[in-house]
Amino acid sequence: MTEKPIGFTLCDQDIVIVRMRGEISVFDDLCPHRGTRLSLGSVKETKDGNCRLECPYHGWQFDSSGDLKLAPQRPDLAGHLRASVRKYQSVEKYGMVWVCLEDKPHYPLPEFHLWDDPSFHYVAVPSEDWACSAPRRVENYTDYSHFAILHDGFLGDATVPEVPAHEVWRNENKLENKQGEGAWVRVPIDTAAWGGKEMPTDPYIRFLVDWRVFMPLTCVLNILFQDGNRYNLIFHPTPMNAKKIRNFTVATRDFGDPAQKDTELAGFVKFIYDQDKAVVESQRPEELPEDLTVEMHVKGVDKYSVEYRRWLLELSNQLAR
Ligand code: FES
Ligand SMILES: [Fe+2]
């Protein structure tokens, strides 16, 4: 049984993702013969048990290193063919494929230790494309002061819009954030819809939220409810180009009925994303302004965003050298 190759555009680069003998390989989505998209092709198993990616046009076959192994019109040349398709480093982890378009990754892969914790139920939330830049979306994901307003009744309470005291600091490749103890986010239970969460007997559901961004674009959120239940997300807004992303999310929880997790957990995430989508897609300029003075920042409120922008700019200057 072989899987269909998947075509994707990552940072304007067309790539093809293919599973060959269980292992993921990622190549340029371009046949060196006549420039056809290899993602239109298929994976073929050879008689000796190997897998090849076959171009749909003339049937050239490439192995998992990207080397051309067969041009069916001249089978006598097998073993003497020099052509190859560029292969990129990739890792399959947390239910996602991580690809490096450069020769060497600048940072290690993000960490999501809970992935191996059997007490959590996981849901790969269906991905969806948004017309925005990836950093704008990361900033949206980690923006404290919109929770109580845009997500009133779900992630906060519009009658308590103040942002709790919180710390923001760099830790290796992460920008971390933590609220002070006791800074519980409060959501009235008459509107709260925490998929599958048992509601407490008092009129509010309360939780603490902390997060980190594995620079430059991966968000990991941990939410602790007052009753000890936990809910987490790993989120990566993958840049297809400067103004288009695909939202990849894996959500986890250690409460509720595992049989209902897809409906409840993915449904809740989708509901929140729908509230954010129109707002984020409307932001102009689409990309975060490099000059911090172009937009306004409120002291103690927009601390995380400001630090994120500063670090992103440093990185971009450093990598442009
Ligand atoms: S274009 Fe791919 S084999 Fe000819
Ligand atoms: Fe939001």
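The values are calculated or read from the model by the stated rules, or taken from the named source; none is laboratory data. Keep in mind the model is a prediction, meaning the values are calculated, not measured. Virtual Cβ from ideal backbone geometry, glycine too; neighbours counted across all protein chains shown. These accessible areas exclude ligands, DNA and RNA; they are computed on the full protein's heavy atoms, side chains included. Shrake-Rupley method; radii C 1.70, N 1.55, O 1.52, S 1.80 Å.
Annotations
- Shape of the stretch 84-241, Cα gyration tensor, a/c cut at 1.5: prolate
- Modelled FRET efficiency - R0 25 Å, residue 74 with residue 47, Cβ distances, 0.05 increments: 0.85
- Probing with 1.4 Å while keeping every protein chain in the model, the per residue accessible area of the chain equals 52 Å².
- Taking the DSSP bridge list for the stretch 110-246 and keeping only pairs wholly inside it, about 95 percent are antiparallel.
- Counting all C-alpha pairs of the chain, share separated by more than 34 Å (%): 33
- Filter on 197/261; 104/303; 4/244; 4/44 - keep pairs with C-alpha separation over 21 Å: 104/303; 4/244
- Amide proton proximity set for residue 7, modelled H, under 5 Å, gap of 5+: 17
- Efficiency of FRET between residue 40 and residue 311 - r from beta-carbon atoms, R0 30 angstrom, step 0.05: 0.15
- Stretching residue 107 away from residue 124 to a fully extended chain increases their span by 3.7 nm, per 0.36 nm per residue minus the current alpha-carbon distance.
- Difference of contour (0.36 nm per residue) and Cα-Cα distance, residue 116 to residue 169: 16.4 nm
- Förster radius 25 Å - calculated FRET efficiency between residue 263 and residue 227, Cβ distance, rounded to 0.05: 0.70
- Label zone of residue 160 (point 7 Å out along Cα→Cβ, amide N under 20 Å): in the stretch 215-252 this covers 222-231.
- Rounded to the nearest 10 degrees, the inclination of helix 267-282 to the longest alpha-carbon principal axis of the chain is 90 degrees.
- Among the trypsin sites (Lys or Arg not before Pro) in the stretch 1-66, those located in a DSSP loop and surrounded by at most 13 other Cβ atoms within 10 Å of their own Cβ are 21, 34, 47.
- Dipole in debye (nearest 20) - the chain, about Cα centre, beta carbon charges: Lys, Arg +1; Asp, Glu -1: 1160
- Overall, the stretch 6-100 carries a charge dipole of about 160 debye about its Cα centre when +1 sits on the Cβ of Lys and Arg and -1 on the Cβ of Asp and Glu, all other atoms neutral.
- Gyration tensor verdict on the stretch 108-179 (Cα atoms; rounded if a/c is under 1.5, prolate if a/b is larger than b/c, oblate otherwise): rounded
- Here's how it looks for residue 158: its modeled amide H is under 5 Å from those of 153, which are all 5 or more places away or on a different chain.
- Comparing mean-square fluctuations of 183, 251, 83 from a GNM of the chain with C-alpha springs under 10 Å, the top value falls on 83.
- Segment residue 83-residue 282, length gained on full extension (0.36 nm per residue, minus Cα span): 67.1 nm
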